[in-house]
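Novice: Structure in structure tokens, see below.
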Amino acid sequence: MPAMQATTNFVDGVVVHQGDLNNLSTNINTLCQQTTGKTPAQAASSKPITQVDLNATQSIPDSSITLVSWNVASTSITDTIWVASSPTVITIVTAGWYTLDFQVCWANAVMNNRVLGIMVNGTTPTANSIGENNAGNGSVSSLFKHRCTAYAHLNQGATVYAYVVQSSGGGAVNLNPSSVAYPGTFMSVRWDAP
């Protein structure tokens, strides 16, 4: 991580030296990188953040690990980390510490078990999961929401996936978008620090 350089106190009547002026530009670059993960040359003035959502239902088969297939980015600032041509994956552009927040809104259905989780750099929960929420051992037959969060240091090029599993006795269950029950199914990914 870059370090701030000491600067001279500028007082009327003191000659400013070239080295002091150079420290000003270095410190501006350093401050920008520490607060946004970007350098001024990258024309970034805000932290990388995105939120992806479902804007239509997604059917989740019984007892099968299923990746959520996002179909809209409602927020995307600085980095384009989600693209519609790869709907199940978020690819990290700026390395650093990230807060990941994933919410699922299940449609009305008899529930034996519901699981949601976040995986990094692979799609096998037992090897790649960094956060999971299991809401099971009960029977709920109404709209149901639950959430999972994770905090992780992610390298440039890291891939993030959201997954779900449901057990309802054999039938598929839909994930609801916000148009059905606000807020619906979404995932937000926010850069916090280098």
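Novice: Find the Cα radius of gyration of the range 141-192, compare it with 2.2 N^0.38 Å by division, and give the number to two decimals.
Specialist: On the way: Rg = 14.5 Å, N = 52, 2.2 N^0.38 = 9.9 Å.
Normalised Cα radius of gyration, the range 141-192: 1.46.
Novice: Another question about this same structure. Could I have the simple spin-label model distance between residue 95 and residue 121, label points 7 Å from Cα toward Cβ, reported in nm to one decimal?
Specialist: About 1.1 nm, to one decimal.
Novice: Name the shape class, rounded, prolate or oblate, that the alpha-carbon gyration tensor gives for the range 83-194, where a ≥ b ≥ c are the square roots of its eigenvalues, rounded holds for a/c under 1.5, and otherwise prolate holds if a/b is larger than b/c and oblate otherwise. List each step's numbers first, then the result.
Specialist: Details: a/c = 2.21, a/b = 1.87, b/c = 1.18.
It is prolate, given that a/c is not under 1.5 and a/b is the larger ratio.
Novice: Tell me, what ³J(HN,Hα) does each residue in the range 57-70 have, in order and in whole Hz, if you take phi through Karplus 6.51 cos²θ - 1.76 cosθ + 1.60 with θ = phi - 60° and put x for Gly and Pro?
Specialist: Karplus values, whole Hz, x for Gly and Pro: 5, 10, 7, 10, x, 5, 6, 9, 5, 10, 7, 6, 9, 5.
Novice: May I pose another question? Cβ under 14 Å from residue 111's Cβ, residue 111 left aside: what net charge do those residues give with Lys, Arg +1 and Asp, Glu -1? Please list the in-between numbers first.
Specialist: On the way: positive: 114, 145; negative: 62.
Result for the neighbourhood of residue 111: +1.
Each value in this text was obtained by applying a stated rule to the coordinates, not by laboratory testing. Only a predicted model underlies this, so the values are computations on that prediction, with no experimental measurement involved. Counting neighbours? That spans all protein chains shown, and the Cβs are built from the backbone with ideal geometry, glycine included.
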